[in-house]
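The values are calculated or read from the model by the stated rules, or taken from the named source; none is laboratory data. Only a predicted model underlies this, so the values are computations on that prediction, with no experimental measurement involved. We place every Cβ from the backbone using ideal geometry, glycine too, and count neighbours over all the protein chains shown.
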Ligand SMILES: *Cc1c(COP(=O)(O)O)cnc(C)c1O
């Protein structure tokens, strides 16, 4: 198929925010009621927390300024000492080790395999030396949560799920973000629900959420606006005046943008998964492109696609591929090859101490490609992207052979 006269699909524009948000935003602007704790009850942020907890099937939710803030508060709320060791996958976004450094703790990096998921052997080997773990389901790829939970439960190590990019993913039918002690989600614009910025944590643990609520900035008795539950009230009473206030709250305008998107989640998940699987099947017809399978327990909710370049024996060939795709209008990010990439662990030089070498993760990052694939794309867009990637791989290999 000729690509010459068809414009490349725009993969950057977001979906419009549902119209229902506008009336609520107007109401908030007219009243100036933007702070979550001004109204005596039912502020938009409080309603969002109830709706999100219902959606996830958890007892509690706490909305905050970002997923990074939710991760930081989760670490603080676990009550770990300064210097505690926190294991994370070595393939994640720089904000994750940053949240650990922010909490005065030490990130410990775990190897990640060619399928972008935690290397369970390396995870088990490092587990005895750490105090907690954050499982980043990077780009929505779910690590083996059966193996992770079995190992962590046996060792008495709490699990924080970084589900920033995994809203709508399930593992053996359970919602990702509800398997560990606490799960954290992002509403930053590149995630499934777009508020520009924002995050939320979910848990069934009253003591943990009470600590997080206070530290998020529920000063004095504002915690009373987080529900009437007896477990919560006794936890709040226990922690009153004993915790620092970091002021990482969400404001009402963000909740007004998020709430009307929650009913859209199921459709976005369905369309995103169909789009991803369609392009994955097409890419896998190329001898040079490999989309790793989902784990059998996993039902994904992708809004992008990751694949590995197979049999590319030099970085120059990889660059030729990326240039050939760009010439066709499709931008490919190779995680390990772009300068200063925030997902390449060797760029996390803010971590105290020497950065370990992680040869498996490094090898993966040098061949793993990332292409945006928003749920709103239609079949001709998907064909355009798949054709461009397949042709670019052929061109790169043909030039290498010449
Ligand atoms: C986006 C993302 C984050 C950070 O979320 P923010 O809301 O921007 O702080 C953390 N982890 C993963 C896996 C992400 O995709």
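Remark: residue 265 matches the filter, which requires a residue to be surrounded by fewer than 16 Cβ atoms within 10 Å (Cβ to Cβ), touching a helix residue (DSSP H, G or I) at 6+ places or on another chain (Cβ under 8 Å), in contact (Cβ under 8 Å) with a residue 40 or more places away in the chain and not in a loop (DSSP other than H, G, I, E, B). Among residues of the range 312-341 that are in contact (Cβ under 8 Å) with a residue 40 or more places away in the chain, those with a beta-carbon under 6 Å from a residue that is in a helix (DSSP H, G or I) and exposed (fewer than 14 other Cβ atoms within 10 Å of the Cβ) at least six positions away or on a different chain give the pairs 320/399.
If you check residue 140 against the conditions, is it under 22 Å from residue 273 (Cα atoms), out of contact with any helix residue (DSSP H, G or I) (no Cβ under 6 Å at 6 or more places or on another chain) and at pLDDT below 95? Yes: the conditions hold for residue 140.
Once the range 116-135 is narrowed to residues that are in a loop (DSSP other than H, G, I, E, B) and within 16 Å of the ligand (Cβ to nearest atom), the residue that is nearest to residue 157 (Cα to Cα) is 117. Select from the range 65-101 the residues that are surrounded by 24 or more Cβ atoms within 10 Å (Cβ to Cβ), more than 17 Å from the chain's Cα centre (by Cα) and part of a strand (DSSP E or B) and list them in ascending order. If the condition is that a residue be surrounded by 24 or more Cβ atoms within 10 Å (Cβ to Cβ), more than 17 Å from the chain's Cα centre (by Cα) and part of a strand (DSSP E or B), then 86 is the only one that fits.
Taking the range 182-229 as the range and being away from the ligand (no atom under 16 Å from the Cβ), part of a loop (DSSP other than H, G, I, E, B) and over 21 Å from residue 132 (Cα atoms) as the test, the residues that pass are 218, 219, 220, 221, 227, 228, 229. Candidates are the residues of the range 102-115 that are more than 30 Å from residue 309 (Cβ to Cβ) and either out of contact with any helix residue (DSSP H, G or I) (no Cβ under 9 Å at 6 or more places or on another chain) or assigned to a loop (DSSP other than H, G, I, E, B) (or both); the one that is farthest from the ligand (Cβ to nearest atom) is 104.
Screening residue 79 on (1) on the phi > 0 side of the Ramachandran plot; (2) within 16 Å of the ligand (Cβ to nearest atom) shows it passes everything except condition (2). The listed residues are 295, 289, and the only one of them that is surrounded by 16 or more Cβ atoms within 10 Å (Cβ to Cβ), on the phi < 0 side of the Ramachandran plot, over 22 Å from the mean Cα position of the chain (by Cα) and touching a residue at least 60 places away in the same chain (Cβ under 8 Å) turns out to be 289.
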